[in-house]
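First up is the structure itself, then whatever we jot down about it.
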């Protein structure tokens, strides 16, 4: 009889908790926002453009995306995640967008849980990102484990997610974040696919972006504050009132998404920036591209569409976001993504 290891069962339950809490609880920031609402495009009443000819194609890691949209990393390693990731990957292929997988730690700990990450069969041409927490480099992980994660989903790139606050407030969290830049540099120098550094909802500073670039990171996903607060998620998981209070205290911690994009763009002009953290629609994505991002990532809305087990709903969401983006581009006078990237944003204050 095949059994799952105890550690893998613990990780599996945590992932199930995360899916449930994100779907059922309010895990948003209380007062802190993405900052995107403080920017606006100059409306062009005569843009001299044909909406039907607005081009939303962009390129990342040598692959062409039909839309500058990333299904941000969410889940994997659970029975429920099998269906979710199958639906998301199938939709990503059909819509011509990118997809990031959730942390693959559980599947590396127990191969029985790897099935939900084997999504390349559903998305033969899509841009797919594998995903491991960077802190695992201090807990026995190295090149071999990261290569296994990439091979598991036949990924085009690997996300190293930076979730220091989440680990700090988790009862079972891994908390040793020391000496990681050196280890990141070693991975970037030896792993045969690009490595992306990604926060999980609290943003990346200019200082950290500069050091990540020096370490050889190929792209940065800012994953700024203003969307899902993972400290709030962990508050709902806390086994006692003390730990719930500690996690809840950080409800408005972090760098707003708009600010983090600007910091990272200025600090690392040579790197592609992925914008995520509280993006809700195509107008938000348009603003992030004008601020300096290459693509915009959305998680929660795609998760809600995917749990219906209906690929068409996920594709429809991607198309709706694209409609919003294209109309924003029309009204801002940008015929394509390159022009959008050069379109100035104005502040309300």
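The values are calculated or read from the model by the stated rules, or taken from the named source; none is laboratory data. Since we're looking at a predicted model, the values are computed, not measured. Cβ: placed from backbone, ideal geometry, glycine included. Neighbour counts: every protein chain shown.
Among 137, 160, which is the only one that is in contact with a helix residue (DSSP H, G or I) (Cβ under 7 Å, 6 or more places away or on another chain), part of a helix (DSSP H, G or I) and modelled with pLDDT of 95 or more? 137 is the lone residue from the list that is in contact with a helix residue (DSSP H, G or I) (Cβ under 7 Å, 6 or more places away or on another chain), part of a helix (DSSP H, G or I) and modelled with pLDDT of 95 or more. Screening residue 124 on (1) under 20 Å from the mean Cα position of the chain (by Cα); (2) at pLDDT 95 or above; (3) not in a helix (DSSP H, G or I) shows it passes everything except condition (1).
Can you say whether residue 243 is farther than 22 Å from residue 17 by Cβ and touching a residue at least 40 places away in the same chain (Cβ under 8 Å), as far as the supplied structure shows? Walk me through it before giving the result.
On the way: farther than 22 Å from residue 17 by Cβ: no; touching a residue at least 40 places away in the same chain (Cβ under 8 Å): yes.
When the stated conditions are applied, residue 243 does not pass them.
For segment 97-110, which residues satisfy the criterion of being surrounded by fewer than 24 Cβ atoms within 10 Å (Cβ to Cβ) and either farther than 11 Å from residue 77 by Cβ or touching a strand residue (DSSP E or B) at 6+ places or on another chain (Cβ under 9 Å) (or both)? The answer is 108, and nothing else. Could you please find all residues in segment 108-121 being more than 19 Å from the chain's Cα centre (by Cα) and either in a helix (DSSP H, G or I) or touching a residue at least 40 places away in the same chain (Cβ under 8 Å) (or both)? Within segment 108-121, 108, 109, 110, 111, 112, 113, 114, 115 meet the criteria.
Can you confirm whether residue 155 is assigned to a loop (DSSP other than H, G, I, E, B), out of contact with any helix residue (DSSP H, G or I) (no Cβ under 6 Å at 6 or more places or on another chain) and crowded, with 23+ Cβ neighbours inside 10 Å? In short, yes.
Considered as a group, the residues in segment 70-101 that are under 18 Å from residue 134 (Cα atoms) and modelled with pLDDT of 95 or more include one that is nearest to the chain's Cα centre (by Cα), and that residue is 72.
Within segment 254-293, the set of residues being part of a loop (DSSP other than H, G, I, E, B), in contact with a strand residue (DSSP E or B) (Cβ under 7 Å, 6 or more places away or on another chain) and surrounded by fewer than 21 Cβ atoms within 10 Å (Cβ to Cβ) comprises 271, 272, 292.
Just to verify a result, which residue in segment 318-349, among those that are assigned to a helix (DSSP H, G or I) and more than 24 Å from the chain's Cα centre (by Cα), is surrounded by the most Cβ atoms within 10 Å (Cβ to Cβ)?
At the first step, the residues of segment 318-349 found to be assigned to a helix (DSSP H, G or I) are 318-332, 337-341.
Now narrow it down to the ones that are more than 24 Å from the chain's Cα centre (by Cα): 327, 330-332, 339.
Numbers: 327: 15, 330: 18, 331: 18, 332: 23, 339: 15.
Out of the qualifying residues, it is 332.
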